[in-house]
């Protein structure tokens with residue numbers, strides 16, 4: 001089996017350019033010998049689960065949060081910081097799982113935007129959260145036609161989630177989106193934020209007001225269980241026993257939970273921060289939307305304009321997609337995918353009106369590791385066949401629209417002992433024996 005674990009000396013993402021004081025925090029010099037719950041992974045999944053386990057809990061469990069590197073140094077600290085309803089893919093979900101499952105998923109994604117906004121405001125998290133609309137655009141007439149047909153089908157069916165969806169045809173698509181040659185645009189409510197600041201801010205609150213024990217730079221080597229249902233987590237610094245284990249390990253899950261080998265596969269991806277020089281003679285227009293750019297070649301970029309005028313741009317897979325050895329089953333984020341640099345350097349100038357002479361340039365280029373699954377759905381709930389082990393992982397690069405409320409559901413399963421079907425997580429996300437034994441691997 002491949003060695004799958006977070007490497008040291010990872011590339012530095014823009015989001016980690018301003019580190020929090022708890023970045024390498026350890027609550028105690030030594031690991032506790034035993035606790036009620038161990039959460040493995042201190043990204044959005046792990047920290048959100050801890051938040052929902054401990055927040056307003058009169059009888060809180062003892063929780064240890066283990067992180068192989070620094071707080072939020074994995075996928076959450078390397079993504080686009082984008083919260084949105086993944087509407088363009090709804091027909092695929094409908095075809096595979098039915099209209100009811102598709103509706104359940106979209107309403108869940110809509111709720112996630114407002115749940116994170118509410119928490120950021122309640123906890124007074126300084127994380128640049130801005131409520132906006134995502135503008136899913138395409139310069140391909142074929143894709144535009146498909147999206148119009150899909151939108152009209154959903155509108156005629158009277159689906160409730162369509163109230164928040166706006167389809168813009170070729171007459172105004174370029175003008176409204178600002179994307180050159182746009183043939184169509186779909187907009188839905190979305191939000192953007194600084195994900196590292198959301199996670200570290202939320203965890204800092206937990207550290208201050210609860211007894212959570214946080215241990216960074218403590219990589220889990222193995223997880224074992226005994227006949228009494230107790231679990232032992234082994235690290236280079238010692239072992240901890242706990243009744244309950246929660247895997248919030250995304251791409252790295254199969255390294256310590258072998259039942260997910262080839263079911264959650266690490267996949268390397270590229271991201272960038274594009275900077276506009278302050279002294280540019282041709283300042284570009286500020287973009288008020290976030291963006292998805294779908295190209296005729298089947299690839300897609302995402303762009304998140306920052307409040308300060310910079311842009312987060314991720315994707316660029318058309319520059320390296322055919323070189324599978326660069327990205328598939330790769331867990332090394334210590335190097336960048338160099339082929340994407342030229343694309344990110346010119347993506348704004350080539351695609352956005354008014355950016356042609358802006359002087360926009362890449363000042364941060366980094367990589368991140370996505371947890372990919374064969375069916376493009378995360379694994380959530382109880383680990384099949386395991387006593388007192390839970391999972392939320394395998395987000396296929398779409399963790400931000402899902403993780404926060406999935407974590408709430410997992411916490412409800414652990415805290416209140418409710419079954420998966422009553423925890424509020426979309427039913428198609430359930431980790432099942434059938435999904436694990438399916439012969440289709442990533």
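Remarks
- Tabulated pairs, region 328-350, first not assigned by TED's automatic domain parsing to the domain that holds residue 394, second loosely packed, with under 15 Cβ neighbours inside 10 Å and not in a helix (DSSP H, G or I), C-beta under 6 angstrom, 6+ apart or interchain: 332/7; 334/7; 334/9; 349/356
- Residue in region 38-55 that is modelled with pLDDT under 95, in the same structural domain as residue 397 (by TED's automatic domain parsing) and assigned to a loop (DSSP other than H, G, I, E, B) present: yes
- Only one of 322, 356 that is at pLDDT 95 or above and within 18 Å of residue 295 (Cα to Cα): 322
- Residue in region 48-67 that is farthest from residue 10 (Cα to Cα), counting only those that are surrounded by fewer than 22 Cβ atoms within 10 Å (Cβ to Cβ) and touching a strand residue (DSSP E or B) at 6+ places or on another chain (Cβ under 6 Å): 61
- Within region 154-185, being assigned to a helix (DSSP H, G or I), under 17 Å from residue 103 (Cα atoms) and in contact (Cβ under 8 Å) with a residue 24 or more places away in the chain holds for 154, 160, 161, 164.
- The condition of being touching a strand residue (DSSP E or B) at 6+ places or on another chain (Cβ under 8 Å), buried (at least 20 other Cβ atoms within 10 Å of the Cβ) and modelled with pLDDT of 95 or more holds for only one of 186, 176, that being 186.
- Residue within region 251-258 that is over 15 Å from residue 40 (Cα atoms), in a loop (DSSP other than H, G, I, E, B) and touching a residue at least 24 places away in the same chain (Cβ under 8 Å) present: no
- Here region 68-117 is the region considered, the condition is being out of contact with any strand residue (DSSP E or B) (no Cβ under 6 Å at 6 or more places or on another chain) and on the phi > 0 side of the Ramachandran plot, and the residue that is surrounded by the most Cβ atoms within 10 Å (Cβ to Cβ) is 72.
- Among (1) more than 25 Å from the chain's Cα centre (by Cα); (2) surrounded by 14 or more Cβ atoms within 10 Å (Cβ to Cβ); (3) assigned to a loop (DSSP other than H, G, I, E, B), the one test that residue 146 misses: (3)
- Residue check for residue 397: crowded, with 17+ Cβ neighbours inside 10 Å, more than 29 Å from residue 228 (Cβ to Cβ) and touching a strand residue (DSSP E or B) at 6+ places or on another chain (Cβ under 6 Å): yes
- Taking region 271-299 as the range and being part of a strand (DSSP E or B) and touching a helix residue (DSSP H, G or I) at 6+ places or on another chain (Cβ under 9 Å) as the test, the residues that pass are 271, 272, 273, 274, 291, 292, 293, 294.
- Restricting attention to region 233-250, the residues that are surrounded by fewer than 21 Cβ atoms within 10 Å (Cβ to Cβ) and assigned to a strand (DSSP E or B) total 6.
- Filtered residues of region 197-214 (kept if in contact with a helix residue (DSSP H, G or I) (Cβ under 9 Å, 6 or more places away or on another chain) and not in a helix (DSSP H, G or I)): 210, 211, 212, 214
- If you go through region 1-18 and keep only what is over 17 Å from residue 268 (Cβ atoms) and buried (at least 16 other Cβ atoms within 10 Å of the Cβ), you end up with 14, 15, 16.
- Test: residue in region 311-325 that is more than 25 Å from residue 253 (Cβ to Cβ), touching a residue at least 60 places away in the same chain (Cβ under 8 Å) and part of a loop (DSSP other than H, G, I, E, B): no
The values are calculated or read from the model by the stated rules, or taken from the named source; none is laboratory data. The model shown is predicted, which means the values in this text are computed figures rather than measured ones. Please note: Cβ atoms are built from the backbone with ideal geometry, for glycine as well, and neighbour counts cover all protein chains shown.
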